[in-house]
Protein chains: 2
Amino acid sequence: MDEQRSPESPQQPSVVVVGHAARDLVLRAGSLPDAGGSAAVDERIERLGGKGANIAVGVRQLHPSAAVALVAALGDDAPGESGRREAVAAGIDVSLVARRGGTALLVDLVSGEGERRLLEHVTPESQVTTADVDAAEAALAGAHVVVLQLQQPADALVRAARIAFEGGARIVLDGAIEGDERDELLSVAEVVRADAEEASILAGVEVATRDDARRAAEGLLGRGARVVALSVPDEGDLVCWHGGERFLPHVEQRVVDPTGGGDAFVAGIVTGMLLGAEPGRIGEIASQAAGSTVQRLGGHPELSPPVEEG
Amino acid sequence: MDEQRSPESPQQPSVVVVGHAARDLVLRAGSLPDAGGSAAVDERIERLGGKGANIAVGVRQLHPSAAVALVAALGDDAPGESGRREAVAAGIDVSLVARRGGTALLVDLVSGEGERRLLEHVTPESQVTTADVDAAEAALAGAHVVVLQLQQPADALVRAARIAFEGGARIVLDGAIEGDERDELLSVAEVVRADAEEASILAGVEVATRDDARRAAEGLLGRGARVVALSVPDEGDLVCWHGGERFLPHVEQRVVDPTGGGDAFVAGIVTGMLLGAEPGRIGEIASQAAGSTVQRLGGHPELSPPVEEG
């Protein structure tokens, strides 16, 4: 037994991820057929996916001594069972993963030119409910870091945020949410991560350039967050905090498949937080994790723990 | 027990289908996403598919008292097991369905406008081999009707055709094949079915109009076939035999999904043969079966036995 991984260790950092779990079906074809036509699939990958599951797996890979629990829902079907087994094999605590209905299916069509199209069959049963959150109360209250992936029902997210905040957990938000819930969630978050489109929703200003991102980040920092990491289209990621910022340009390598890049970025943020890194270094770890994932087909991460700075 | 279905009945007509078995994944979305985009899937169907399996299921539906065996290969995986169970539930004899490797996956993308795109992941293990055919020797030799779906390796098809012919089975060819094997297969076939593109390959003349189809059919009748049924694009199906022909226009209904129409047509041909129908009536049964199937999403047939003519 690896002593570091023992769940009994009082020193073991604990992370709870609230988000979507699904089956990913990745299909790579030379080109997409025209209407009425057909095309051969050159490569097929089928495995556990969904933003919540990807983030949880990524954290375990980047920080193998962390205890990582996933609050999500997999179907009461064969894909749900194989997804559960994959999560267990990745070292995830799946005791808070509900099993009901049909497992969501996310089809990731990648054509030869590196173009990506997503076809998403998100079943209602695959969404996290307030009952799922209540069942996770002890884990959320006792966690060091709680990640809330915001493509989930607002009532469940708000309940999870309240429990985590009252328990003293450090809260990471990923994505966007509108309405009153946005203000409440922003007020308890330590870190906010959003792509450009999500940042526009969160901050209420369009984010197209690095200056736009800086303005949006300043707005979000003013609402409670201590670190804000926003994507700048085609350029990179801007990490802002009170009194500083760091820009992390996208790696100049061919992107095989952008799927999962954002999830790996969030896993990197969590890892940086657990390591006690400064915001700029957190962004660096996150950017490296995302850069690694987009070099691979599918959203499933294959990450290695970050190398400590000299 | 339904006495008609007892495999011991000497009167029970027996049919063997040699062809592809796969998992069909049908995804209906309002529209396909652009590159970089995503779209919600409105309906998902996942079940047994592949031309061979579809034909076998269709024959059982159209002629419930027939004993139908499938010579095919499903994967040694969860989709293969559920496909096998579905075939059993449909009344198919699966004792000649090999289990190995990964089950082929056929993704049928249907967009709101009734457009269809196929993405085909045909694993090498899913192709019928000469060893599969040898294992089916007794069934092929003793069958009343043998269907050879021609999108399979030529050596396996030729071996199956020889066994069936020597055993006295009536042989139906579906699709196209080139080279020497074409001539041998045509010389033993009673019925040949092909869409316009396949007919062009089989007959060596382009088939775009009804006159083209008649010329192609005459060529194929001259090579041994007694009945030839060819599609005429956008119009219907032309059934030709020595001394006659019948044109069956496509039904004037909205096509929901063309997938499986050809497979149902072949199942109708087999049923007409088992019922001792004349070629024109065989075409009618086949055309009705195809017309029914294209009104539904996915290639899986839901057919009813033909009503006898008054």
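Tabulated results
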{"quantity": "Among the candidates A:A289, A:A264, A:A277, residue that is at negative phi, without any contact (Cβ under 8 Å) to a residue 24 or more places away in the chain and out of contact with any strand residue (DSSP E or B) (no Cβ under 9 Å at 6 or more places or on another chain)", "calculated": "A:A277"}
{"quantity": "Any hit, region B:177-189, residues being open to solvent by less than 30 Å² (accessible area, probe 1.4 Å) and either at positive phi or in contact with a Pro (Cβ under 9 Å, 6 or more places away or on another chain) (or both)", "calculated": "no"}
{"quantity": "Some residue of region A:198-210 being acidic (D, E), over 22 Å from A:E178 (Cα atoms) and open to solvent by 10 Å² or more (accessible area, probe 1.4 Å)", "calculated": "no"}
{"quantity": "Residue in region B:239-258 that is among the charged types (D, E, K, R), open to solvent by 30 Å² or more (accessible area, probe 1.4 Å), within 14 Å of chain A (Cβ to nearest Cβ) and assigned to a loop (DSSP other than H, G, I, E, B) present", "calculated": "no"}
{"quantity": "Selection status of B:L70, more than 14 Å from every other protein chain (Cβ to nearest Cβ), in contact with a helix residue (DSSP H, G or I) (Cβ under 6 Å, 6 or more places away or on another chain) and under 30 Å from B:A277 (Cα atoms)", "calculated": "yes"}
{"quantity": "Of all residues in region B:32-48 being of a type in the set (A, V, I, L, M), within 15 Å of A:L25 (Cβ to Cβ) and within 8 Å of chain A (Cβ to nearest Cβ), the one that is farthest from the chain's Cα centre (by Cα)", "calculated": "B:A39"}
{"quantity": "Matching entry among A:V228, A:V256, A:V307 (being over 24 Å from A:V18 (Cβ atoms) and under 20 Å from the mean Cα position of the chain (by Cα))", "calculated": "A:V256"}
{"quantity": "Residue check for A:G167: on the phi > 0 side of the Ramachandran plot and away from chain B (no Cβ under 14 Å)", "calculated": "no"}
{"quantity": "Residue that is in contact with a Ser or Thr (Cβ under 8 Å, 6 or more places away or on another chain) and modelled with pLDDT of 95 or more, where the choices are A:L96, A:L74, A:L118", "calculated": "A:L74"}
{"quantity": "Qualifying residues in region B:115-140 (those that are open to solvent by 20 Å² or more (accessible area, probe 1.4 Å) and at the interface with chain A (Cβ under 9 Å from one of its Cβ atoms)) - the one farthest from the chain's Cα centre (by Cα)", "calculated": "B:E115"}
{"quantity": "Condition met for A:R296 (within 22 Å of A:A89 (Cβ to Cβ) and either touching an Asp or Glu at 6+ places or on another chain (Cβ under 7 Å) or surrounded by fewer than 19 Cβ atoms within 10 Å (Cβ to Cβ) (or both))", "calculated": "yes"}
{"quantity": "Index of the failed condition, A:V26 passing every other in (1) open to solvent by 10 Å² or more (accessible area, probe 1.4 Å); (2) at pLDDT below 95; (3) in contact with a His (Cβ under 9 Å, 6 or more places away or on another chain)", "calculated": "(1)"}
{"quantity": "Whichever residue in region A:73-108 is within 14 Å of another protein chain (Cβ to nearest Cβ) and open to solvent by less than 10 Å² (accessible area, probe 1.4 Å) and, among such residues, is nearest to B:E81 (Cα to Cα)", "calculated": "A:G80"}
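The values are calculated or read from the model by the stated rules, or taken from the named source; none is laboratory data. Since the model is a prediction, treat every value here as computed from it, not as a measurement. FYI the Cβ positions are ideal-geometry reconstructions off the backbone, even for glycines, and counts take in every protein chain you see. Heads up: the accessible areas ignore ligands, DNA and RNA and are worked out on the full protein's heavy atoms, side chains in. Shrake-Rupley method; radii C 1.70, N 1.55, O 1.52, S 1.80 Å.
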